[in-house]
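As structure tokens, the structure follows; a few thoughts come after it.
FYI, it's all coordinate maths here, none of it is from the lab. Model, not experiment: these values are computed from the prediction. Note that we place each Cβ from the backbone using ideal geometry, even for glycine, and neighbour counts take in every protein chain shown.
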Amino acid sequence: MDKAILRRLSENARVPFSTVAKELGISNTMVHQRVNKLRQMGILENATFRLNAKALGYTTEAITRIDVANAKFIPKIVRELEKIPEIIECTNISGKYALLVKVMARDNGHLRDILYGKIHDLDGVIGTDTNISFETSFQKNIALI
């Protein structure tokens, strides 16, 4: 039952619980109880609206790998990256680069300003390697197995 509820909510997080209950043939109370339990377990996170960055004028999307001088700098760098509004995702990765960030910029000039005026200025950052994304082909939730 939990998987069925999760599948339905992952399609549309704003669907009324009463609709989910009716579709699954269970009570509205059962849906509320299961959703609360899934939240407590950390499986279901808060539903939010996803903003369309391109519609808001951010036409350049880039993936940037960040090289750091020493792993001890990573926590501080991550805290500083989080303050940069154009960075919408940050991942700690293995290999030559320590961090990977997704950057949304208004245009290539704005991207350059973010890279050289914000990221490169952070203590412990040695350099970056950036690729511009032409488009995001798809995004999805993890499969329920």
Discussion item. Taking the number of other C-beta atoms within 10 Å as the exposure measure, put H32, H110 in order starting with the fewest.
Written reply: H32, H110
Worksheet item: What list of ³J(HN,Hα) values in whole Hz, one per residue of the range 11-18 in order, does the Karplus curve 6.51 cos²θ - 1.76 cosθ + 1.60 (θ = phi - 60°) give from phi, with Gly and Pro shown as x?
Response: 6, 7, 5, 9, 5, x, 4, 5
Discussion item. Quick check: the angle from helix 28-40's long axis to the longest principal axis of the chain, C-alpha only, nearest 10 degrees?
Written reply: 30
Discussion item. With unit charges on the beta carbons (Lys and Arg positive, Asp and Glu negative) and the dipole taken about the Cα centre of the chain, which residue among I93, L6, S133 sits farthest to the positive side?
Written reply: L6
Worksheet entry | Helix-only CD estimate at 222 nm, as mean residue ellipticity for the chain, using -39500 (n - 2.57) per DSSP H run (n ≥ 4) | -9500 deg cm²/dmol
Worksheet item: In what sequence do M104, M1 fall when counting other Cβ within 10 Å, fewest first?
Response: M1, M104
Worksheet entry | Pairwise centroid distance, computed over Cα atoms, of the range 120-145 with the range 91-106, Å | 5
Worksheet, complete the sentence: The size of the Cβ-based charge dipole (Lys, Arg +1; Asp, Glu -1) of the chain about the Cα centre, to the nearest 20 debye, is 640
Practice prompt. Could you work out the Rg to Rh ratio of the chain, with Rh taken as the Kirkwood radius (inverse of the mean 1/r over all Cα pairs)?
Written response: 1.10
Fill in: Cα gyration tensor shape of the range 60-133, rounded if a/c is under 1.5, else prolate or oblate by comparing a/b with b/c
prolate
